[in-house]
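Asker: Handing you this structure, nothing more for now.
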Amino acid sequence: MIVVCGEALIDMIHNGDGTQRAAPGGGPFNTARALARLGVPTAFLGRISNDAFGQELSGGLSADGVSLEFATFGPEATTIAVADVDREGFAEYEFLVKGTSASNLTREMLPESFGPHVAALHLGTLGLVLEPMASTLVELVQREHDGRVVMLDPNVRPGIAPDDEYRARLHEVIADSTIVKASDSDLAWLYPDLDHERAAERVLEDGVALVVVTLGAHGAFGAHREFRVKVDAPQVEVVDTIGAGDAFGAAFLAWLHDHDAIKRNLELDGGELRAALDFACLAAALTCARAGADPPWKWEMDAETTRRTA
């Protein structure tokens, strides 16, 4: 099982045509759904409101097959993200977080231990910004990283916490991670003087086994041991990019799961790394081709893979 840690919230999406809609979201929420849709045993660890939005969030997770055994529930209002989507489909976010559910994950809400069926932890986005959730998840990683795979997707959200404090926290978690999946813009914020390839090398120097960098429409780059692999992104008509990075990370992790590669001593060859990147790029592309964070199901991935290789 993979435990995805962090926030579940509501995206209030302002579209480029002046319309708006409310949709379940949050990077970890999207990632958990995507993993479960791809057939990976998945649990969500986070704080969810008992209000109507919270019930929609928990219902959506359950409907996609995500276990809520590590989730906690409370009276706080659901956290809201206001997303402005431009005419090219790219989204910018503002967050309404004070006194809301997502941030209110405390160490007392963590399980005392995980069973041997939990192979990996995944975290990032607001999970490493909002307090007390951020400190809670840092402590969880410190406790668990020696025995389990930790995958970090920083999905950087500057401007919510002081930049110096936020960078230091992310670098602390990077050093305890097995896999770091980041966008090129994430790495530019974390390592301002380096391009994405040199930043990936810096992350490897911190002891991370595998670095995966998303490059938007230009595909993805992977760095692992002596292998450096660049793949192209499938071409699709973009509706919006909401949830695409989350779908990419989930699909990459799902590929590792399906190939029995989720191990603390992670080791792939160059062909395996390329195959995992191609699979992840396809999941991201299919997500971009429809509105909101609506990641593909395993059957869709299989059908599209067959179509593209026929």
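The values are calculated or read from the model by the stated rules, or taken from the named source; none is laboratory data. Remember, predicted model here, so these are calculated numbers, not experimental data. Neighbour counts are summed over all protein chains in view; Cβ atoms, including those assigned to glycine, are modelled from backbone coordinates with ideal geometry. The area values use the complete protein model at the heavy-atom level, side chains included, leaving out ligands, DNA and RNA. Shrake-Rupley method; radii C 1.70, N 1.55, O 1.52, S 1.80 Å.
Asker: Can you report the number of residues in region 260-287 which are open to solvent by less than 30 Å² (accessible area, probe 1.4 Å) and modelled with pLDDT under 95?
Answerer: The number of residues fulfilling the criteria is 0.
Asker: Can you tell me which condition TRP189 does not meet? The list is (1) within 19 Å of the chain's Cα centre (by Cα); (2) more than 24 Å from GLN142 (Cα to Cα), and all the others hold.
Answerer: Unmet condition: (2).
Asker: Could you check ALA119 against (1) on the phi > 0 side of the Ramachandran plot; (2) open to solvent by 30 Å² or more (accessible area, probe 1.4 Å); (3) not charged (D, E, K, R) and say which number it fails?
Answerer: Single failed check for ALA119: (1).
Asker: Determine whether GLY124 is modelled with pLDDT of 95 or more, under 27 Å from ALA182 (Cα atoms), open to solvent by 20 Å² or more (accessible area, probe 1.4 Å) and not aliphatic (A, V, I, L, M).
Answerer: It is false that GLY124 is modelled with pLDDT of 95 or more, under 27 Å from ALA182 (Cα atoms), open to solvent by 20 Å² or more (accessible area, probe 1.4 Å) and not aliphatic (A, V, I, L, M).
Asker: Just for strands (runs of 3 or more DSSP E) wholly inside region 198-259: which have at least 1 residues that are among the β-branched types (Val, Ile, Thr) and buried (at least 20 other Cβ atoms within 10 Å of the Cβ)?
Answerer: The strands (runs of 3 or more DSSP E) meeting that bar are 210-214, 227-231.
Asker: Go through (1) farther than 21 Å from MET1 by Cα; (2) modelled with pLDDT of 95 or more; (3) of a type outside the set (Gly, Ala, Ser) one by one and return the number of the condition ARG157 breaks.
Answerer: Among (1) farther than 21 Å from MET1 by Cα; (2) modelled with pLDDT of 95 or more; (3) of a type outside the set (Gly, Ala, Ser), the lone unmet condition for ARG157 is (2).
Asker: In region 163-197, what count of residues is obtained for those that are assigned to a helix (DSSP H, G or I) and either touching a strand residue (DSSP E or B) at 6+ places or on another chain (Cβ under 9 Å) or polar (S, T, N, Q) (or both)?
Answerer: Matching residues across region 163-197 total 10.
Asker: Could you check LEU170 against (1) within 17 Å of the chain's Cα centre (by Cα); (2) touching a residue at least 40 places away in the same chain (Cβ under 8 Å); (3) within 25 Å of ASP232 (Cβ to Cβ) and say which number it fails?
Answerer: Condition (3) is where LEU170 drops out.
Asker: Go through region 87-101 and give me each residue that's among the basic types (Lys, Arg) and either modelled with pLDDT under 80 or open to solvent by less than 50 Å² (accessible area, probe 1.4 Å) (or both).
Answerer: Within region 87-101, just ARG87 meets the criteria.
Asker: Select from region 2-25 the residues that are in contact with a strand residue (DSSP E or B) (Cβ under 6 Å, 6 or more places away or on another chain), open to solvent by 10 Å² or more (accessible area, probe 1.4 Å) and touching a residue at least 12 places away in the same chain (Cβ under 8 Å) and list them in ascending order.
Answerer: MET12, HIS14, ASN15, GLY16, ARG21, ALA22, ALA23
Asker: Answer yes or no as to whether PRO158 is within 18 Å of the chain's Cα centre (by Cα), closer than 19 Å to THR79 by Cβ and surrounded by fewer than 20 Cβ atoms within 10 Å (Cβ to Cβ).
Answerer: Spelling it out, PRO158 is indeed within 18 Å of the chain's Cα centre (by Cα), closer than 19 Å to THR79 by Cβ and surrounded by fewer than 20 Cβ atoms within 10 Å (Cβ to Cβ).
Asker: Could you check region 260-295 and list, in sequence order, the residues that are outside any helix (DSSP H, G or I) and among the small types (Gly, Ala, Ser)?
Answerer: Within region 260-295, ALA261, ALA289, ALA291, GLY292, ALA293 meet the criteria.
Asker: If you don't mind, another one. In region 4-46, what residues are closer than 15 Å to THR79 by Cβ and assigned to a helix (DSSP H, G or I)?
Answerer: GLY27, PRO28, PHE29, ASN30 - these are the residues of region 4-46 that are closer than 15 Å to THR79 by Cβ and assigned to a helix (DSSP H, G or I).
Asker: Out of all the residues in region 127-137, is one or more open to solvent by 10 Å² or more (accessible area, probe 1.4 Å), of a type outside the set (Ser, Thr, Tyr) and farther than 22 Å from ASN30 by Cα?
Answerer: The answer is no, given that none of the residues of region 127-137 is open to solvent by 10 Å² or more (accessible area, probe 1.4 Å), of a type outside the set (Ser, Thr, Tyr) and farther than 22 Å from ASN30 by Cα.
Asker: What are the residues in region 38-83 that are modelled with pLDDT under 95, in contact with an Asp or Glu (Cβ under 7 Å, 6 or more places away or on another chain) and surrounded by fewer than 20 Cβ atoms within 10 Å (Cβ to Cβ), if any?
Answerer: VAL82
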